[in-house]
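Data first, discussion second: the structure below is written as structure tokens.
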Amino acid sequence: MGSFSIWHWFIVLLIVVMVFGTKKLKNIGSDLGGAVKGFKDGMKDGNATAEDKPAGQVPAPAAEKTTIDVEAKTKS
């Protein structure tokens, strides 16, 4: 058992393109790239806000949060 040769990977790539099509693969690639970029930006923002705040200070809430009370009913 060894690793796959280049021809095995070429056949797998050909089958994937035939199943999904190039347009769908392009959309998946751009969505994945956008998600990675958003994650990196979020990590940068998280580090910047943690460094800007002095220790022991509680951050102010951005907006007042509302609570929704829900009552569960049992079936009879």
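Computed from the coordinates by the stated procedures, all read-outs in this text should not be read as laboratory data. All of these numbers come straight from a predicted model, not from anything done at the bench. All Cβ positions, glycine included, derive from the backbone under ideal geometry; neighbour counts span all protein chains shown.
3J(HN,Hα) along the range 22-32: 6, 5, 5, 5, 5, 5, 5, x, 5, 5, 5 Hz, from the Karplus curve 6.51 cos²θ - 1.76 cosθ + 1.60 with θ = phi - 60°, whole Hz, x for Gly and Pro. Subtracting the Cα-Cα distance of GLU71 and LEU32 from their residue separation scaled by 0.36 nm leaves 10.1 nm.
Calculated FRET efficiency, ILE15 and LYS40, Cβ-Cβ r, R0 35 Å, to nearest 0.05? The partial results should precede the final answer.
Details: r = 32 Å, r/R0 = 0.92.
Efficiency for this residue pair is about 0.65.
Just want the ordering: THR67, THR22, from fewest to most Cβ atoms lying within 10 Å of their own Cβ.
Working: THR67 5, THR22 9.
With the fewest neighbours first, THR67, THR22 line up as THR67, THR22.
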